[in-house]
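To start, the structure under review is shown below, and the notes come after it.
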Amino acid sequence: MAISEEVRQRFAGEFEKFQAGIEGFFKKEIAPKDFKGIGGGFGSYAERGFESAMLRLRFFGSRILPYQMKFLVNAVSKYDLKHVHFTTGQCIQFHNLQGEQILELYKECFEHDIYNRGTGGDNLRNVTASPLHGVHPAEPFAVTPYLQAVSEYAVSLIGTLALPRKYKIGFSVVDNEGHANYKDLGFLAKENGTFDVYAGGGIGGGSAFGVLVDEDVNPAEVLHHVEGMLHLYHELGDFKSRGKARSRFIAQRLGAEEFRKAYHEYLEKSKAAHDLTLSVAPYEVKKAGTTTPTTPLAEPQKQEGLYYVQYKPLVGTPPIDVFVKLFDYVGGLEETEIRICGDESVYIVNLTGEEADAVAAIIADTHAKNNFEHTVSCVGATICQIGFQDSSGLVKVVKDTVESEGLSTDRLPQIHVSGCPSSCGTHQVGTLGFHGFTKVVDGKPQPAFKVFINGNGTLEGPRMSDEVGVLTVADIPNFFIDLVKVLDTAGQNFDTWIVEQPEAFEAVLAKYL
């Protein structure tokens, strides 16, 4: 886990700018809108009320290693950290922080190969990936070394070239949890040991799936693709209109064929300029396991005798004591890793059967019990300064209300909830999604959420969701009660039912529109 000493020194030299921004913001000498332009590039944003801020931590390949786990456990105590969130961008966020906490934590992260630089702002963001890379039994080939190399390379490019907006890269393997087909640049592993490459995708304003720009790409050439797309984005992106600045608008403006042609022109320029061909060591796990787990949460890896366990806390926010217990235990084991997933869960990999049982015991009371409890949600407007509504709070209210009626959430789907039209809750690719809004009722604005259905973020039949209405926050719990009752009567889960009986969903929704 390393970047060059030259890059480390460059980042270290930028710290004074961040420090001045943090100190100025907390002394009320720098306005919140001005602090966003400073702190964002270092992974820190002001929170609602402007009395606190958050810090976002990036991990290469979304892999948290034992020494980093132990550091985070100590940091919770040392800096009195109380609110942690696993993000859809496969980072960790600590919330409700004061200036000194942020600065000291930032410096210690840097010393433990955790680079917060570029996790916000118009930068190369965290490189995401299917979390079971290197360990899944059905993986076409181990992409881990290439993912690692791209993660390190992307960090090294931060600050070297101006970008219109953020630049996101993803790797997908068996599933599509790396979101390869809706990133600015995405790599999909194939059975023949190569990648298909997508570019110009993304969710948010003008959501779009990426264009398939190349096929059967030699994994050793991935850095050329990263650099080529960087220069395409820099030269063809829109620096004037922020709302049209993401790379997907370049693809939409040029059309698929011209965009593909431009992509290859910039790819060839990169290859002509210098040689970025990779020579990597394979991902190996030397650990051996001889015990069989008893927990149903454990799944076998490709490495014989080893297992992985998924942990999904409600809305991606584990209780801080569970976070500490989990990271402390796993950080003391041999060759273990914690992988952050794009659905706000984490996977604990390289466990023996006995270790898997111990992990399951730690997370037992707070791990999702069904699809609904696997719901994806941003932190929401109680924390986020740009959020319209309390997304995480909505999920908890729905759960509590449905269960207080003696009903179960078992038939409900994984829902995707964003506090605003942005993509932090990935409502654009959910079977059932919501984003914060305001609805005028009897001439008065009421807190509300827009409703979306039929999104699909997988590789099979991908589609962006359709907006179907607006519900007030006050009506949403009752909407879900009615929905559960209809599903129970039909004897079906939501994902099947809405395909077979779309008119029945429309009838439930219409009652509250």
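In table form, for the structure just shown:
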| quantity | calculated |
| --- | --- |
| The range 34-91, residues that are under 20 Å from residue 423 (Cβ atoms) and part of a helix (DSSP H, G or I) | 36, 40, 41, 62 |
| Among the candidates 322, 397, 359, residue that is within 30 Å of residue 489 (Cα to Cα) and assigned to a helix (DSSP H, G or I) | 397 |
| Selection status of residue 336, of a type in the set (Val, Ile, Thr), open to solvent by 20 Å² or more (accessible area, probe 1.4 Å) and farther than 28 Å from residue 499 by Cβ | no |
| Filter pass, residue 362 being open to solvent by 20 Å² or more (accessible area, probe 1.4 Å) and β-branched (Val, Ile, Thr) | yes |
| Residue list for the range 291-327, filter: farther than 17 Å from residue 136 by Cα and open to solvent by less than 20 Å² (accessible area, probe 1.4 Å) | 312, 313, 315, 316, 318, 322, 323, 326, 327 |
| Residue among 425, 433, 387 that alone is touching a Phe, Trp or Tyr at 6+ places or on another chain (Cβ under 9 Å) and either closer than 25 Å to residue 55 by Cβ or charged (D, E, K, R) (or both) | 425 |
| Residue match in the range 410-421 (condition: more than 28 Å from residue 210 (Cα to Cα) and surrounded by 17 or more Cβ atoms within 10 Å (Cβ to Cβ)) | yes |
| Residue list for the range 4-30, restricted to those being modelled with pLDDT under 95 and part of a loop (DSSP other than H, G, I, E, B) | 4 |
| Candidate set from the range 95-128 (those that are part of a loop (DSSP other than H, G, I, E, B) and acidic (Asp, Glu)); member that is nearest to residue 81 (Cα to Cα) | 113 |
| Residue match in the range 199-212 (condition: surrounded by 17 or more Cβ atoms within 10 Å (Cβ to Cβ), of a type outside the set (S, T, N, Q) and part of a helix (DSSP H, G or I)) | no |
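Table: residues versus (1) open to solvent by less than 20 Å² (accessible area, probe 1.4 Å); (2) under 20 Å from residue 315 (Cα atoms).
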site	(1), (2)
57	yes, yes
72	yes, no
79	no, no
120	yes, no
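The values are calculated or read from the model by the stated rules, or taken from the named source; none is laboratory data. Predicted model, so just to flag it, every value in this text is computed and none were measured. Ideal geometry is used to build each Cβ from the backbone, glycine not excepted, and the neighbour counts take in all protein chains shown. Just the protein is used for accessible areas: all its heavy atoms, side chains included, with ligands, DNA and RNA removed. Shrake-Rupley method; radii C 1.70, N 1.55, O 1.52, S 1.80 Å.
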